[in-house]
Amino acid sequence: MAEAAPAQAVRDAAPAEARTADWHALPADETLRRLETDGHGLTAEEAARRLAEHGPNALPEPPRRTWLARLLGQFNNLLIQVLIASGAITALLGHWVDAAVIIAVVILNAIIGFWQEGRAEDALAAVRSMLSPDASAVRDGTRQTVPAEELVPGDIVLLEAGDRVPADLRLIDARGLRAQEAALTGESVSVVKEVAPVDADAALGDRTSLAFSGTLVASGRGTGVVVATGADAQIGRIGAMLGGIEETTTPLLRQIDRFARLLTFVILAVCVAVFAYAVWIAGYAVEDAFLAMVGMAVAAIPEGLPAVITITLALGVQRMAGRHAIVRRLPAVETLGAVSVICTDKTGTLTLNEMVVRTVVTGHGSEPVEVSGEGYMPHGEVHQNGDALHADAHSAVQRLAHTALLCSDALLVQSDDGWRVEGDPMEGALLALARKTGLDPKEERRTHRRLDDIPFDAAHRFMATLNHGPDGRTIHVKGAPDRLLKLCATQMGDDGPEPIDRDAWAARLEELAKGGHRVLAFATKTTSRKAIGMDDVADLTLLGLGGFIDPARPEAIEAMADCLRAGIEVKMITGDHALTAMAVAEELGLSTHGEAVTGAEVEAMSDEELRRRAPDVDVFARAAPEHKLRLVEALQATDNVVAMTGDGVNDAPALKRADVGIAMGIRGTEAAKDAARVVLADDNFASIVAAVREGRTIYDNIKKVIAWNLPTNGGESLVIISAILFGIALPMTPVQILWINMVTAVALGLTLAFEPAEPGVMDRRPRRMNAPLLDAEMVWRVVLVSALFAAAVFGVFFWAQAQGRDLSYARTLVVNLIVVLEIFYLFSVRYLHLPTLSLRAAVGTRAVWTGIAIALAAQAAFTYAPPLQSVFETQAVSPADGLLVLALGVILLVLLEVEKWVRRWGGLSTRTG
């Protein structure tokens, strides 16, 4: 299908160099050879030549629509064009004030849309802002600070903690180097970088020999050679995706477009048929037939409908802002109500993006210890098998936590926004664990002074410190479990060190990994040395293992249940590891079926195969940006309305392609926010549920507006057509019809935009994407109400004439009758899914009663004010006739409620919810 084209085009358009050279899989010296450079860097002359060849290290400016094109685009809507036509017809009748009102509505609609689009996406500029302005490079054999835009392939770049990587680099030296890549890959913790090559087919997050442009150096230092710049870098490929993706049209706009085309065709066809009948069969003069046709067109065209729909959406935007959801594109507020699938990132969206030690394994044969608490808050309890630990077991956990805090450099800081970590997130989690076991990190570090240390390095994969305390000198070590197990000769048992059982610990490590934990091992060794080297880190005593996890947000668990209850499927698409993603998914209540599809598997699937698999899989792991984009397209191809949530640069292409992209406002990157149509101000997945509820309410209200407009306009049209067919005087003039439509559309129709959600709105399944605005029930409603309106009008019209009233009085009575009927019909249409004859419905809303008061006041002026009597040819109506009109309104409401009850309880309703 056509929807899959953008992702395929991005893959086909990938730079030739990126497709042919897998830099992460090449040895460092081979990379230098291919790029014709060495540790002394390029010469200034060679750098200038390559800059001319490759261009600046910057992303190209995207093409932008001019303000005039944006303004003209506001009129590229058939209903708006119908509205303009109705204004022109009104002007032809010589009623310039009424024509000016209609044109003012058109202009107001255009201004609202133009202002919304004035805040148009700027995702490429946001990505561009992530690039570092300067870089430390080696040129002519010396270290220099050069503008990042002037970096070229082959440049040697130096990295230190806190730097933003200025281009894609193949590392040739790394000393304890860690990079924070969550915004690009979705990896929830900093990634250890090393020089050794990795497999050519390694996922983006596993390419540890590369440092990516736009990511942050969390710790350590390193040196790399530039292998890709600007649009050729990974971040540039995301920019290319964004530039090549066309946004989808929202379901509402598609429905309104189909509805407007159908309505226009019907109105024009009927007008032509009636004109032909009046001239060639009924014998009307051409001028009289034309005026009658204009009157019918004015009656049929819902002049206020586009404005009311726009205002309904605008009010929804305001209400959504109160629920912490900022809507950047006006129709997106309704699209949320049609969402059938939510594709969500994991890190920072469903999870806290804060590591926490959840499980600790200590002595041989002991059960794992569970640690409670959220994020970096140093509050929680230590349990085993659901019971608080006894003193001996607790001391084993405390011993491990003691080593963990002494073998760490991070700090926990409490601020107004809560607890945060300064340093490595996993070390922050260890400090929180220490506090939960009763240790004071500041006091422990004071009484156990650090004498020496061995920083973490990817080559040896551990960190060691030498500390002097009251019991002497001790070496404390933390690191990768498989590495430390080889360095340990004993393990800590109940009575002290005992021979280590490596197989048992390997089994425990595998158990933790299957649970989605990231694992560190901890060990100690007493010594008399004053300094330590690599040879001292041997014959250690293993204290245990610590299992880390980025926990699910508590509110996200409840929100997930609400989504599933509302018939909305949730797909987790993350750059993190499969086991980690599965653990979080199970915590959230997603049905994983024991499997997760990886990005590599997605890459290997054809578009057709992905369309078949995607609906049945809830967890996608190690997904690169192009994988997320393909998944969104695959789900859209199966007639789903897809929402995509995320916060990273890697989420931006999918956010833009989705029917409604939802970005996180606090943690989200600017690229993600600008690519999305909705931004959550509180980064709370639960706000999506509130937004979906609001979206469904808005769609209900738009249907109510249409369900109120069409029958009232249909009744007026039926009266005109019947009068022409039977050769009788028109019961109302075209200008009187225009008065009814404009006054009631604003005073009455607009009140439906303020209707609250009906009970059970979140217990219905999402509506079908191709569900028409005019379904079978709506068509029946239009026919029934139009017929009742026409019958009432002709009954009153003929009755008035039978009473000896002149034509002006009869027409005045008819206009008042139509307004009263529309008021009572307003109460009937306020509830599409519930009965109207109830106390809740009778009380109404402030907007409803305000609208009725305005309509009645306007109608009183129309009927009794001499200036308006002169303009509209009206006469004062007697109180007795006014009571008759009121009684007919009550009868209409009762008849419609009986009909609604028969359909509801008789099983005749065609509504699908």
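The values are calculated or read from the model by the stated rules, or taken from the named source; none is laboratory data. All values reported here derive from a predicted model rather than from experimental measurement. In this analysis, Cβ positions are derived from the backbone assuming ideal geometry, glycine residues included, and neighbour counts consider all displayed protein chains.
Out of segment 613-665, which residues are acidic (Asp, Glu) and modelled with pLDDT of 85 or more?
Initially, segment 613-665 is screened for residues acidic (Asp, Glu), giving 616, 618, 626, 633, 639, 647, 651, 659.
Within segment 613-665, ASP616, ASP618, GLU633, ASP639, ASP659 qualify.
Residues that are surrounded by fewer than 16 Cβ atoms within 10 Å (Cβ to Cβ), within 30 Å of HIS448 (Cα to Cα) and touching a strand residue (DSSP E or B) at 6+ places or on another chain (Cβ under 8 Å): does segment 515-526 have at least one? Scanning segment 515-526, I find at least one residue that is surrounded by fewer than 16 Cβ atoms within 10 Å (Cβ to Cβ), within 30 Å of HIS448 (Cα to Cα) and touching a strand residue (DSSP E or B) at 6+ places or on another chain (Cβ under 8 Å), so the answer is yes.
The single residue among ALA614, ALA581 that is part of a helix (DSSP H, G or I), of a type in the set (Gly, Ala, Ser) and within 24 Å of SER190 (Cβ to Cβ) turns out to be ALA581.
Can you name every residue in segment 538-562 that is among the hydrophobic types (A, V, I, L, M, F, W, C) and surrounded by fewer than 21 Cβ atoms within 10 Å (Cβ to Cβ)? Those that are among the hydrophobic types (A, V, I, L, M, F, W, C) and surrounded by fewer than 21 Cβ atoms within 10 Å (Cβ to Cβ): ALA538, ILE557, ALA561. Criterion first (more than 22 Å from PHE456 (Cβ to Cβ) and modelled with pLDDT of 90 or more) does GLY154 satisfy it? Spelling it out, GLY154 is indeed more than 22 Å from PHE456 (Cβ to Cβ) and modelled with pLDDT of 90 or more.
Of the residues screened, VAL360 is one that is assigned by TED's automatic domain parsing to the domain that holds LEU412, within 20 Å of GLU498 (Cβ to Cβ), at pLDDT 85 or above and not in a helix (DSSP H, G or I).
Residue-wise test of (1) touching a His at 6+ places or on another chain (Cβ under 8 Å); (2) within 12 Å of VAL327 (Cβ to Cβ).
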{"site": "ASP647", "(1), (2)": "no, no"}
{"site": "ALA652", "(1), (2)": "no, no"}
{"site": "GLY661", "(1), (2)": "no, yes"}
{"site": "ALA671", "(1), (2)": "no, no"}
{"site": "ASP674", "(1), (2)": "no, no"}
{"site": "LEU680", "(1), (2)": "yes, yes"}
{"site": "ALA686", "(1), (2)": "no, no"}
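Within segment 851-882, being assigned to a helix (DSSP H, G or I), aliphatic (A, V, I, L, M) and over 53 Å from the mean Cα position of the chain (by Cα) holds for one residue alone: ALA880. The requirement of being aliphatic (A, V, I, L, M), at pLDDT 90 or above and under 19 Å from ALA624 (Cα atoms) is satisfied by ALA25.
So that you can scan it fast, the table gives a plain yes or no per residue for (1) of a type in the set (S, T, N, Q); (2) at pLDDT 80 or above; (3) outside any helix (DSSP H, G or I):
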position: ILE720; (1), (2), (3): no, yes, no
position: LEU730; (1), (2), (3): no, yes, yes
position: ILE740; (1), (2), (3): no, yes, no
position: VAL743; (1), (2), (3): no, no, no
position: THR751; (1), (2), (3): yes, yes, no
position: MET762; (1), (2), (3): no, yes, no
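Which residues, taken from segment 504-519, are among the small types (Gly, Ala, Ser) and closer than 26 Å to THR574 by Cα? Within segment 504-519, ALA513, GLY515, GLY516 qualify. Of all residues in segment 451-472, those that are within 25 Å of THR208 (Cα to Cα) have Cβ atoms under 8 Å from Cβ atoms of residues that are among the charged types (D, E, K, R) and modelled with pLDDT of 95 or more, 6 or more apart or on another chain, in PHE462/LYS478; MET463/LYS478. Looking at the structure I just gave you, is MET426 of a type outside the set (Phe, Trp, Tyr), modelled with pLDDT of 90 or more, closer than 24 Å to GLY375 by Cα and touching a strand residue (DSSP E or B) at 6+ places or on another chain (Cβ under 7 Å)? Spelling it out, it is not the case that MET426 is of a type outside the set (Phe, Trp, Tyr), modelled with pLDDT of 90 or more, closer than 24 Å to GLY375 by Cα and touching a strand residue (DSSP E or B) at 6+ places or on another chain (Cβ under 7 Å).
So that you can scan it fast, the table gives a plain yes or no per residue for (1) surrounded by fewer than 24 Cβ atoms within 10 Å (Cβ to Cβ); (2) outside the structural domain of GLY236 (by TED's automatic domain parsing); (3) in a strand (DSSP E or B):
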residue	(1), (2), (3)
ARG630	no, yes, no
ALA643	no, yes, yes
ASP683	yes, yes, no
THR712	no, yes, no
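For segment 189-205, the set of residues classified as surrounded by fewer than 19 Cβ atoms within 10 Å (Cβ to Cβ), touching a helix residue (DSSP H, G or I) at 6+ places or on another chain (Cβ under 8 Å) and of a type in the set (Gly, Ala, Ser) consists of ALA200, ALA202, listed by residue number. Scanning segment 321-330 for residues that are surrounded by fewer than 24 Cβ atoms within 10 Å (Cβ to Cβ) and either at pLDDT below 70 or touching an Asp or Glu at 6+ places or on another chain (Cβ under 9 Å) (or both) yields ARG323, HIS324, ARG328, ARG329, LEU330.
Every residue, every condition in (1) over 35 Å from the mean Cα position of the chain (by Cα); (2) more than 30 Å from GLN636 (Cβ to Cβ); (3) not assigned by TED's automatic domain parsing to the domain that holds ASP651, yes or no:
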| position | (1), (2), (3) |
| --- | --- |
| ARG508 | yes, yes, yes |
| GLY515 | no, yes, yes |
| THR527 | yes, yes, yes |
| GLU558 | no, no, no |
| ILE573 | no, no, no |
| ALA583 | no, no, no |
| GLY589 | no, no, no |
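Among the residues of segment 200-235, those that are touching a Lys or Arg at 6+ places or on another chain (Cβ under 9 Å) and either assigned to a loop (DSSP other than H, G, I, E, B) or outside the structural domain of ALA25 (by TED's automatic domain parsing) (or both) comprise ALA203, THR208, SER209, SER213, GLY214, THR215. The single condition among (1) surrounded by fewer than 20 Cβ atoms within 10 Å (Cβ to Cβ); (2) of a type in the set (Asp, Glu); (3) in contact (Cβ under 8 Å) with a residue 24 or more places away in the chain that GLU510 does not satisfy is (3). Those strands (runs of 3 or more DSSP E) of segment 479-534 in which 2 or more residues are closer than 21 Å to PHE548 by Cβ occupy 488-493, 518-527. Counting only residues that are of a type in the set (Lys, Arg) and in a loop (DSSP other than H, G, I, E, B), which one in segment 768-817 is surrounded by the fewest Cβ atoms within 10 Å (Cβ to Cβ)? Step by step, filter segment 768-817, then rank; the result is ARG768.
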